[in-house]
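The values are calculated or read from the model by the stated rules, or taken from the named source; none is laboratory data. None of these values were measured; they are calculated from a predicted model. Positions of Cβ are generated from backbone atoms using ideal geometry, with glycine treated the same way; all protein chains shown enter the neighbour counts.
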Amino acid sequence: MRILITGGAGFIGSHLCDRLLDDGHEVIAIDNLSTGNMDNIAHLFGNERFSFIKHDVTNYVYVSGPLDAVLHLASLPSPVDYLEKPIQTLKVGALGTHKTLGLAKAKQARFLLASTSEVYGDPLEHPQPEEYWGNVNPVGPRGVYDESKRFAEALTMAYHRAHGIDTRIVRIFNTYGPRMRLDDGRVVPNFLRQALRGEPLTVYDDGSRTRSFCYVSDLVEGIVCLLHSDEIYPVNLGNPNEMTIHEFAKRVLDVSGSRSAIAFITPKDERTKDDPQTRRPDITKAQRVLGWTPKVSLDEGLGRTVAWFRSRV
């Protein structure tokens, strides 16, 4: 297959480039490098089946030659990013999805949208199945990300129904691993950076919010399975092993060997406004439709991630 990946120099996108190239496909990565990093894909430039285009997908996207699949991963998924760049966040979710769907239509290619568990907002149903419509504040600071992804899902299904585009939608839950940005602002990079520097791990409020952490190789396996499946409706991909942020901080200290303290703080900005109190995927559908379940344990995944962060902190 000849596959285009937007956000290809990003954390998840670069791992997906690796996997699809290993599977024998030709991969074209597009990224404007606003949050992506060329270091993530530098090792691929000797591969004749890989090419890179620096481009902002909110503008018209042109690729010469045939395409078999378009995977739209370009996004500003970190609270640091979407609080600082709210309009860009909305544009890449809305205009970027529109432009890449148009490309898929022109090339008669399969289209895969990387959506997010944030479409569920601060959920009133737990764990979150795909049938749950969510509890999102459209006018809150997080709404720029949450609603851009909800719109992207709606637009993807509109193109499927109106134009017959062969579409896939993956709802990604908290994912971690090597190549995450050190300044990402999310809990895994924050804790690892602080632990390796001997700084206190800053836990927001009382640390009782819950999250479920999926290692990146498990996520990529699920995305590949979904791409090759016949499922057009959203599929949750994540690890259902749920824990509080306080518990997660203690696991990071154990795995990293850090002697850092844990500090409970209340942010003075809006980074925790509308922050989900709980998050755990119902992966029944992924197990049934894709035969997929995560395999990498938290301690194993954290160990690999700590090793990568240690070389860079």
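A few notes on this one:
- Residue selected from the stretch 168-194 under the condition assigned to a helix (DSSP H, G or I) and in contact with a strand residue (DSSP E or B) (Cβ under 6 Å, 6 or more places away or on another chain), by the criterion surrounded by the most Cβ atoms within 10 Å (Cβ to Cβ): Phe191
- Search result, residues across the stretch 262-276 that are surrounded by 12 or more Cβ atoms within 10 Å (Cβ to Cβ) and of a type outside the set (Phe, Trp, Tyr): Ile262, Ala263, Pro267, Glu270, Arg271, Thr272, Lys273, Asp274, Asp275, Pro276
- Residue check, Ile165 among the β-branched types (Val, Ile, Thr), buried (at least 18 other Cβ atoms within 10 Å of the Cβ) and in a loop (DSSP other than H, G, I, E, B): yes
- Pairs with Cβ under 8 Å, 6+ apart, first in the stretch 169-194 and among the small types (Gly, Ala, Ser), second crowded, with 20+ Cβ neighbours inside 10 Å and part of a loop (DSSP other than H, G, I, E, B): Gly185/Ser78
- Residues that are surrounded by 13 or more Cβ atoms within 10 Å (Cβ to Cβ) and hydrophobic (A, V, I, L, M, F, W, C) within the stretch 153-162 comprise Leu155, Met157, Ala158, listed in sequence order.
- Where strands (runs of 3 or more DSSP E) fall wholly inside the stretch 210-257, no range has 2 or more residues that are small (Gly, Ala, Ser) and at pLDDT below 95.
- Residue match in the stretch 292-302 (condition: assigned to a helix (DSSP H, G or I) and surrounded by fewer than 12 Cβ atoms within 10 Å (Cβ to Cβ)): yes
- Residue tally, condition surrounded by 24 or more Cβ atoms within 10 Å (Cβ to Cβ) and polar (S, T, N, Q), over the stretch 95-114: 2
- Where a residue in the stretch 47-62 is more than 8 Å from Ala29 (Cα to Cα) and its partner, wherever it lies, is modelled with pLDDT of 95 or more and small (Gly, Ala, Ser), with Cβ under 6 Å and at least six apart: Val57/Ala74; Val57/Gly96; Thr58/Gly96
- Looking across Leu253, Leu201, Leu219, one residue alone is among the hydrophobic types (A, V, I, L, M, F, W, C), assigned by TED's automatic domain parsing to the domain that holds His15 and either surrounded by 18 or more Cβ atoms within 10 Å (Cβ to Cβ) or over 30 Å from Thr156 (Cα atoms) (or both). It is Leu219.
- Looking across the stretch 63-80, the residues that are at pLDDT 95 or above and in contact with a strand residue (DSSP E or B) (Cβ under 9 Å, 6 or more places away or on another chain) come down to Val63, Gly65, Pro66, Leu67, Asp68, Ala69, Val70, Leu71, His72, Leu73, Ala74, Ser75.
- Considering (1) touching a residue at least 60 places away in the same chain (Cβ under 8 Å); (2) under 20 Å from Pro294 (Cβ atoms), the lone condition that His228 does not fulfil carries the number (1).
Condition check ((1) more than 18 Å from Thr175 (Cβ to Cβ); (2) of a type in the set (A, V, I, L, M)) across all residues:
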site: Arg19; (1), (2): no, no
site: Gly24; (1), (2): yes, no
site: Val27; (1), (2): yes, yes
site: Asn40; (1), (2): no, no
site: His43; (1), (2): yes, no
site: Phe52; (1), (2): yes, no
site: Asp56; (1), (2): yes, no
